[in-house]
């Protein structure tokens with residue numbers, strides 16, 4: 001199963017691979033057809049890359065992704081609060097919570 005580290009590594013690998021392929025396409029076009037064609041191919045490839053990145057980001061802004069992110073953040077906040085409460089209980093001096101001989 002893929003975890004977030006593997007997915008980030010995959011994203012990085014794909015980004016590097018496509019940037020290198022794009023660079024070589026631009027260099028080949030530049031050497032064969034001149035600077036105007038090279039600039040055109042460069043701009044075209046960057047536009048396609050930006051379009052793909054925008055489509056990828058748009059998929060991550062769906063209702064499901066937003067709900068998932070909100071649930072993760074809420075879970076982290078609850079765990080943080082519980083950890084803080086545990087820390088406060090451990091730092092409490094003995095007998096500090098007792099009233100009239102009963103534990104509270």
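No value in this document is a laboratory result; all are computed from the given coordinates. Since the structure is predicted, the reported quantities are computational estimates derived from the model, not experimental observations. Cβ placement follows ideal geometry from the backbone for every residue including glycine, while neighbour counts extend to all protein chains displayed.
Each label point was placed 7 Å from the Cα along the Cα-to-Cβ direction; for residue 58 and residue 18 their separation is 1.4 nm. Coordinate range of the alpha-carbon atoms in the range 4-89 per principal axis, descending: 74, 25, 17 Å. Label separation (residue 33 vs residue 4): 4.3 nm, computed from points 7 Å beyond Cα along the C-beta direction. Peptide packing for 22-31, 66-75 was compared via the average number of neighbouring C-beta atoms within 10 Å per residue; ordered from the highest value, the list is 22-31, 66-75.
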